[in-house]
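Heads up, the thing below is written out as structure tokens.
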Amino acid sequence: MRRIAVLISGGGSNMLALARDLAGSDLGRIVLVLSNDPAAGGLARAAAMGLPTAVVDHRPYGHDRAAFEAALRAQIDGAGAEVICLAGFMRVLTPGFVRAYAGRILNIHPSLLPKYPGLHTHARALAAGDAEAGCSVHLVTEDLDAGPILGQARVPVLPGDSAESLAKRVLVQEHRLYPAVLRRFLAGDTARLDLQA
Ligand code: GRF
């Protein structure tokens, strides 16, 4: 039974999808939902599911990333978590943090990587006139949004799509993809998973 920490910054819809999928599973258990933002809506949603939560507010640390991450690690290691799922977590992690949990940090990114690492992914896909968009779950490495891809889900871009309508369509697929990829990862299967909407 692998112990999992889910890191969030906002609504936590991906965290919820993971929690619902793992409920009753013997593959893994979420032992901590950790947010860098005390106002993250996902904290109340996690608590409503009976999941342990914690907050390490990044703001008091200013630019001292090492001190912020030491506080994150104290929570993660204190909960005995060995797998970390970033789920709408909006802080960039340093190479030191990534090395400490090498090969055990997953992230979901709302684009078909390697296209559109970073922010505003849907607006960029629309601006490029892409026929499809989607999301990727990847292992986190020292380079932002660049680790080995464990799975992707694709959606069509529809006429008249806005970044908001596209984001909404992709989010539905994120909630399918992340749980499916995490299960495989926990079972030791890193064969890439490709889903079509
Ligand atoms: C999602 O689009 C996710 O891909 C991105 O953050 C957005 C919100 O995620 N990283 P959540 O609802 O907080 O899980």
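Each value in this text was obtained by applying a stated rule to the coordinates, not by laboratory testing. These figures come from a predicted structure and were not determined experimentally. FYI the Cβ positions are ideal-geometry reconstructions off the backbone, even for glycines, and counts take in every protein chain you see.
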> Considering region 78-94 alone, what residues qualify as being part of a loop (DSSP other than H, G, I, E, B) and away from the ligand (no atom under 16 Å from the Cβ)?
Replying inline: ALA79, GLY80, ALA81, GLU82, THR94
> How many of the residues making up region 71-103 are free of Cβ contacts under 8 Å to residues at least 12 places away in the same chain and surrounded by 15 or more Cβ atoms within 10 Å (Cβ to Cβ)?
Replying inline: 0
> With (1) of a type outside the set (A, V, I, L, M); (2) surrounded by fewer than 18 Cβ atoms within 10 Å (Cβ to Cβ); (3) under 23 Å from GLY12 (Cα atoms) as the list, and TYR178 as the residue in question, which single condition is left unmet?
Replying inline: (2)
>> Just to be sure before I move on: is SER25 of a type in the set (Gly, Ala, Ser), within 16 Å of the ligand (Cβ to nearest atom) and within 27 Å of ARG184 (Cα to Cα) in the structure I sent?
In response: no
>> Condition check: at positive phi, near the ligand (Cβ under 10 Å from one of its atoms) and crowded, with 23+ Cβ neighbours inside 10 Å. Does GLY12 satisfy that?
In response: yes
>> Test of understanding: among ALA133, ALA123, ALA127, which residue is buried (at least 18 other Cβ atoms within 10 Å of the Cβ), among the small types (Gly, Ala, Ser) and under 17 Å from SER165 (Cα atoms)?
In response: ALA133
